[in-house]
Amino acid sequence: MCALKASYNTWHCMARHPRLSDLALSAILSICAFALCLVVSASHFHMIDEGSMFVTAVNIVDRGEFHTNQLGWAQWSDRPGNQIGFATDAGDVFSKKSPLVIALMTPLVAAGRLIPGLSLIQATLLLGPIFTALTAALIYGFARDLDYSRLAGTAAALVFLLGTMALMYSKTVLGEPISSFGLMLALRYAAAHRAQRPNYYDVLCGAGLALAIGTSSAYILLLPVFALALTARQWRVVPVSEHVLRLIRFSSPVVGMAAALAGYNYLRFGNFLESGYHFAPGQEGFTTPIWWGLFGLTVSPARGFFWFNPPALLSLVAWPRFHRSHRTNSWLMLAVLAMHALVFTQWWEWWGGAWGPRYFLPIVPYVIVACLPLWQSTLVNANASWLARTGVSAVLVAGVAVQIAAVSIDYNIYESELEAQFPAPRNQPRQFLHDTALVYHIARSPILVHFQRLFTSQLDFAWRPEAWKPLAAPAMLSTIRLQQRPGDAIVYLAPELIDVMLDRDLPPVYGLPVNVPATDELAQRLFARARRDADRIWLITWYGAGDPANWYEVYLREDWASVSEEQLDGYRVVLFARPPDTTTSPLTYTFGPLRLTNSAVQLEAGTLFIELHWRANTPPPDNYVSFVHVIGADGVQIAGQDRQPLGGYRPTGAWRSGDAITDRFAFVIPADQLDGAQIEVGWYSWPSLERLPLTDSAGQRIPGDGLMLPIP
């Protein structure tokens, strides 16, 4: 509170200084607001939506591509409709989330790539503070446009920043902080009427609405609202032609945004109108009863607007006075609020899946602006009653307290606890936390829970010593960087490695889901996309060797050649190469109960491929280990692989008479090392290392029990 008092005193002095222009004050205010947002910023994203847009921005910067194939695993959700991406028939995944936010993230990601010591996530998280600070400056400027004092305008900006959920959402890179700025910009320049109104005011009004539309196409419904606001007041004063020109100027940014969105859709899906959202019963769509969403988003302890934004209560008192003084502006603001409520209260996920009433954040500036008469009368007027000042101060203190609780603890912790305690019926995805009683259960309010844990939970600030840090896998990255070739691809089955997989020096990366059956059509489609253009695949997984649940590896073992397998940073990293078309040669060699029927050896593009066809003469009594060694002209082993058939997926102990498999091996060996080299093939028991006896077609024992194959 001492810091708040000092801040207020500082602003009080600056606001009364006659030499400081409104522009200078607005700039100082935005800088201070940005600095405060940085103080409370986090070191990580809070929603998978942010991650989806972030990955798109990273791919645009690094590869000029728009997909989120690294996040393919995110297509599987606990509830229908929660998928953050859209998978095309070709198997590419694209983010459904705001294209505008992605576009704004892109230069920040580029800065993160260029500036040493600035991580990509840190750079991207600057987006929230930037737009929150700009919105606070706009609120101050609008107050001055309406002839309120500097102190009143400053108070409105500070209340927005410190007393509403704007501070919490400055920690995010979601679309709502941008929508807040856009709607405030549109309001300021729609309401600014002068005798000589500059033409660029109309463009700025349209630009504000275009920003909002860029975050959510639902804001296109506000186009006639703002068009009417621009023309209604001076309809009889200026010629019709001037109104037409005004509307053209206003609509030009909106048309530009619509064209950009359509073009982005075409780049992703080949269709100007395809955005990735598919409205379906029980999933995405406007399916919530309006009364349920409206009460939930306004008064419920779980998501009520007035609980999460206590200063909004003052607007109920101040709005009549604001309406009498600024009737046209008031009607415009009320129209925007009404449209906003009608649309977002009916969205299937009406609660927004985050802190508080997320979808109502864009109307917070309007609510704070409506309180300007109250800020003027209580904070500026020396004759204000002590009762009025006490009441206003109490509400503002409550607002600040709520925001302290909000920004200090990661809200996902409590949300996850509720998810575990009250699992969701899959057929009721639109019920918040899947139990209607929770919405109005005061004791379970996130605000109260955060207050209770304020001094016992880890603080959600980037500057704390124990702040979240991305997972590191230095050995894995180093190995892949050193050994990768053109035509390589990475398939990883460990979602926690997403930050590692965004390294710009890696081959194309595909994130695929774990614990889904091989019959899953979408998983098969994404896996086929990963293989489509690849000559080699790096498979990264925490599945153990031979685990039947890892059907991706089963496929690669059966159809591709294994190159290497290593344990790196706690994960299995297995490299496979696409085998060339070969012609096998018939053979008749017997290794105990196993017979080698065909083989092929081929050298292609610096890789030695070996294909071996095996058949069981009798059921093998044990799980044998096969070996394929490349032996140099000097008799020294150059390379080799020792493993059970198909990497453990076809252990010989399970073979029956007549069972046959094809096993493929590949070795990356410089051609000059292969002069005079041969390939030795055989089997042995583990752990005795005793080799199975090798006989030729005549039944003669071959010394050493290892078959030597020539390298063409």
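Per the 1.4 Å probe, what fraction of the accessible area of the chain, in percent, lies on carbon and sulfur atoms? Display every interim value, and only then the final one.
Details: 17930 of 29690 Å².
Within the chain, the accessible surface is 60 percent carbon and sulfur.
Loop by DSSP (not H, G, I, E, B), at most 12 other beta-carbon atoms within 10 Å: where is the longest site-free stretch of the chain for GluC sites (Glu not before Pro)?
1-465
Grab the beta carbon distance between Leu316 and Ser241, set R0 = 41 Å, and tell me the FRET efficiency rounded to 0.05.
0.45
Can you pull the one-decimal nm distance between simple spin-label points at Ser252 and Leu482, each 7 Å off the Cα toward Cβ?
Calculated label separation equals 5.8 nm.
Which whole-Hz couplings ³J(HN,Hα) result when phi for each residue of segment 563-572 is put into the Karplus expression 6.51 cos²θ - 1.76 cosθ + 1.60, θ = phi - 60°, listed in order with x for Gly and Pro?
Here the 3J(HN,Hα) series is 9, 7, 8, 9, 9, 10, 6, x, 10, 7 Hz.
Work out how much length Ala545 to Ala660 would gain on full extension: take 0.36 nm times their residue separation and subtract the Cα-Cα distance, in nm to one decimal. Please list the in-between numbers first.
Details: separation 115, 0.36 × 115 = 41.40 nm, distance 2.06 nm.
Gain on extension, Ala545 to Ala660, equals 39.3 nm.
For Asp642 and Arg532 in one chain, what is 0.36 nm times their gap in residues minus the Cα-Cα distance, to one decimal in nm? Please list the in-between numbers first.
Values: separation 110, 0.36 × 110 = 39.60 nm, distance 2.87 nm.
Net length gain for the segment: 36.7 nm.
Suppose we flag chymotrypsin sites (Phe, Trp or Tyr not before Pro) only when DSSP calls them loop and at most 12 other Cβ atoms lie within 10 Å. Which is the longest uninterrupted stretch of the chain?
Result, exposed sites excluded: 464-712.
Name the shape class, rounded, prolate or oblate, that the alpha-carbon gyration tensor gives for segment 561-624, where a ≥ b ≥ c are the square roots of its eigenvalues, rounded holds for a/c under 1.5, and otherwise prolate holds if a/b is larger than b/c and oblate otherwise.
Verdict is oblate for segment 561-624.
Can you classify segment 69-111 as rounded, prolate or oblate using the Cα gyration tensor, where a ≥ b ≥ c are the square roots of its eigenvalues, rounded means a/c under 1.5, and otherwise it's prolate if a/b beats b/c and oblate if not?
On the way: a/c = 2.37, a/b = 1.84, b/c = 1.29.
Since a/c reaches 1.5 and a/b is larger than b/c, the shape of segment 69-111 is classed as prolate.
When the dipole is taken about the Cα centre of segment 138-270, and only Lys, Arg (+1) and Asp, Glu (-1) are charged at their Cβ, what size is it in debye, to the nearest 20?
Values: 11 positive and 5 negative charges, 33 e Å.
The calculated dipole for segment 138-270 is roughly 160 debye.
Tell me the label-point distance for the pair Leu267, Asn515, using the 7 Å Cα-to-Cβ offset, in nm and rounded to one decimal.
It works out to 3.6 nm between the two label points.
Consider a paramagnetic label point 7 Å from the Cα of Gln700 along Cα→Cβ; state which residues of segment 588-621 have an amide N under 12 Å from it.
The answer is none.
Take the alpha carbon gyration tensor of segment 153-224, find the square roots of its eigenvalues, order them as a ≥ b ≥ c, and report rounded if a/c is under 1.5; if not, report prolate when a/b exceeds b/c, else oblate.
It is oblate, given that a/c is not under 1.5 and a/b is not larger than b/c.
Please give the calculated 222 nm ellipticity per residue for the chain, where each DSSP H segment of at least 4 residues contributes -39500 (n - 2.57) and the sum is spread over every residue; nearest 500 deg cm²/dmol? Display every interim value, and only then the final one.
Details: 25 runs with 312 residues, N = 712.
Rounded to the nearest 500, it is -13500 deg cm²/dmol.
Enumerate the residues in segment 599-623 having an amide nitrogen under 14 Å from the point lying 7 Å beyond the Cα of Trp686 toward its Cβ.
Within reach of a label on Trp686, which here means backbone N under 14 Å from a point 7 Å along Cα→Cβ, segment 599-623 contributes 622-623.
Among Asn623, Val225, Leu418, which residue has its Cα positioned farthest towards the positive end of the charge dipole of the chain, with +1 placed on the Cβ of Lys and Arg, -1 on the Cβ of Asp and Glu, and the dipole taken about the Cα centre?
Value: Val225.
Filter the trypsin sites (Lys or Arg not before Pro) in segment 631-712 to those in DSSP coil with at most 10 other Cβ atoms within 10 Å of their Cβ, and list the result.
Passing sites in segment 631-712 are Arg656.
So if we plug the beta-carbon distance of Gln421 and Gln452 into 1/(1 + (r/R0)^6) with R0 = 22 Å, what FRET efficiency do we get, rounded to 0.05?
After rounding, the FRET efficiency stands at 0.85.
Considering the zone a paramagnetic label at Ala24 would reach in this model (a point 7 Å from Cα along the Cα-to-Cβ line), which residues of segment 139-162 have amide N under 16 Å from it?
Under cut-off, by backbone N: 150-151.
Sequence neighbours fewer than 8 away in the same chain don't count; with that in mind, list the aspartates and glutamates whose C-alpha is under 14 Å from Lys97.
Within the straight-line limit of under 14 Å, Lys97 reaches these aspartates and glutamates: Asp49, Glu50, Glu176, Glu274, Glu284.
The values are calculated or read from the model by the stated rules, or taken from the named source; none is laboratory data. Since we're looking at a predicted model, the values are computed, not measured. Glycine also receives a Cβ, built like all others from the backbone with ideal geometry; neighbour counts cover every protein chain displayed. These accessible areas exclude ligands, DNA and RNA; they are computed on the full protein's heavy atoms, side chains included. Shrake-Rupley method; radii C 1.70, N 1.55, O 1.52, S 1.80 Å.
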